[in-house]
1. With the checklist (1) crowded, with 24+ Cβ neighbours inside 10 Å; (2) within 14 Å of chain B (Cβ to nearest Cβ) in hand, flag the one item residue A:160 doesn't pass.
2. Take the residues of the range A:217-242 that are part of a helix (DSSP H, G or I) and among the charged types (D, E, K, R): which is nearest to the other protein chains (Cβ to nearest Cβ)?
3. When the residues of the range A:186-212 are narrowed to those that are among the basic types (Lys, Arg) and more than 9 Å from chain B (Cβ to nearest Cβ), which ends up surrounded by the most Cβ atoms within 10 Å (Cβ to Cβ)?
4. Quick test of your reading of the structure: residue B:41 fulfils all but one of (1) surrounded by 12 or more Cβ atoms within 10 Å (Cβ to Cβ); (2) within 14 Å of the chain's Cα centre (by Cα); (3) of a type in the set (Ser, Thr, Tyr). Name the failing condition by number.
5. May I ask you to verify whether residue B:24 is at pLDDT 95 or above, under 18 Å from residue B:103 (Cβ atoms) and either in contact with a Leu (Cβ under 7 Å, 6 or more places away or on another chain) or within 13 Å of another protein chain (Cβ to nearest Cβ) (or both)?
6. Suppose we filter B:92, B:100 for residues that are within 21 Å of residue A:208 (Cα to Cα) and surrounded by 14 or more Cβ atoms within 10 Å (Cβ to Cβ); which single one remains?
7. Given (1) free of Cβ contacts under 8 Å to residues at least 24 places away in the same chain; (2) touching a helix residue (DSSP H, G or I) at 6+ places or on another chain (Cβ under 8 Å); (3) closer than 30 Å to residue A:240 by Cβ, where does residue B:17 come up short, assuming only one miss?
8. What do you reckon, is residue A:190 touching a Phe, Trp or Tyr at 6+ places or on another chain (Cβ under 6 Å) and either without any contact (Cβ under 8 Å) to a residue 60 or more places away in the chain or in a loop (DSSP other than H, G, I, E, B) (or both)?
Amino acid sequence: MTNSVQMRTYRFSIYRYDPDQDTKPYMQDISVECDPMDKKLLDAMVKLKAKDDSLSFRRSCREGVCGSDAMNINGKNGLACLADLAAFPEGQPIVLRPLPGLPVIRDLIVDMTQFFKQYHSIKPYLVNNDPLPERERLQSIEDREELNGLYECILCACCSTACPSFWWNPDKFVGPAGLLAAYRFLADTRDQATSERLDNLEDPYRLFRCHTIMNCVDVCPKGLNPTKAIGKIKEMMVRRAV
Amino acid sequence: MNRIVVGAHYGLKDWLAQRITAVVMAAYTLIVLAAVMGGATSSQEAWRAFMSHGLIRFFTFLFIVSLCYHAWVGVRDIWMDYIKPTGIRLFLHALTLLALIGYAGWAIQIIWRL
């Protein structure tokens with residue numbers, strides 16, 4: 001049985017840092033044998049974890065929905081559970097690093113406090129002061145379509161941690177993920193806080209640190225376009241002002 | 001004071017102005033390019049006559065003002081991105097603004113001297 005199965009060995013170079021033991025981070029070279037049933041990078045990482053259980057990373061749903069296993073894969077942010085193992089070039093190690101720009105807690109686990117602080121700052125919930133309807137607040141099909149490409153965000157932080165503006169000003173710039181969420185509520189016809197939301201964002205740091213670098217669009221594992229959403233926010237501000 | 005303060009409520013005007021000034025500069029570049037191709041720089045006299053023409057003077061003035069405003073927003077963005085201490089940033093903002101005002105005045109003086 002084992003002879004008929006095509007095994008492939010994957011070499012890895014993984015960022016390791018345990019603040020309790022290491023004085024500084026280092027890159028660990030390690031390899032693992034995978035069979036054809038191992039489809040995604042996360043599968044190989046689970047095998048790696050079995051080989052060296054000191055390796056730490058977040059993972060949960062393993063199907064690109066929870067956003068836990070976001071990391072820097074060969075220099076580009078992405079989800080380990082969506083990265084095809086077969087697509088990695090042979091002969092080169094797969095380089096894994098934590099998401100850039102956020103404090104490292106251990107190995108591939110980063111402290112996302114700053115990221116979620118920015119997300120919460122845009123009030124990511126519907127504001128509607130009308131009395132609650134008996135069942136639900138309905139939208140027309142056209143109004144609902146406005147939310148496509150916005151509501152799908154899983155908050156994995158791939159985009160914000162690929163954004164140079166977020167690297168330099170994570171405390172002041174909302175970042176692509178937060179701004180995409182902000183536009184999700186600005187575009188929602190059931191929301192009544194449009195003007196307050198625009199007031200909250202009209203700031204040289206909170207919104208206008210975006211220089212349309214578009215790294216966010218390049219890395220988003222869900223294929224969303226935060227740059228376009230940011231453009232729409234600016235368009236709304238212009239419509240309000242002129 | 002370690003509290004982070006944001007919410008200056010400006011930025012839209014500058015962002016919009018940067019786009020409008022970019023259009024002005026692109027249009028002026030095309031005008032000058034067309035004039036150069038049309039032989040406006042064949043001699044020093046022709047060049048001088050072109051630049052001192054009323055309409056061109058108007059466009060050159062617009063171009064310089066646009067360039068300075070555009071550069072003010074752009075350079076200020078660089079300071080805002082990379083310079084953290086407020087004192088140094090304020091100093092660099094002021095320096096940029098004053099330098100650009102000086103350049104604009106100097107450039108306008110040159111155009112009207114022709």
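The values are calculated or read from the model by the stated rules, or taken from the named source; none is laboratory data. Everything quoted here is computed from the prediction, not taken from an experiment. When we count neighbours, we look across all protein chains shown, and the Cβ atoms used for this are built from the backbone with ideal geometry, even at glycine.
1. (2)
2. Going through the range A:217-242, the residues part of a helix (DSSP H, G or I) turn out to be A:217-219, A:226-241.
Among the residues that remain, those that are also among the charged types (D, E, K, R) are: A:218, A:228, A:232, A:234-235, A:239-240.
Working: A:218: 20, A:228: 16, A:232: 14, A:234: 7, A:235: 11, A:239: 11, A:240: 9 Å.
My answer is A:234.
3. Selected residue: A:197.
4. (2)
5. Taking the combined requirement at face value, the residue satisfies it.
6. On the way: B:100 fails: within 21 Å of residue A:208 (Cα to Cα).
Matching residue, one of B:92, B:100: B:92.
7. (1)
8. Numbers: touching a Phe, Trp or Tyr at 6+ places or on another chain (Cβ under 6 Å): no; either without any contact (Cβ under 8 Å) to a residue 60 or more places away in the chain or in a loop (DSSP other than H, G, I, E, B) (or both): yes.
No, not satisfied.
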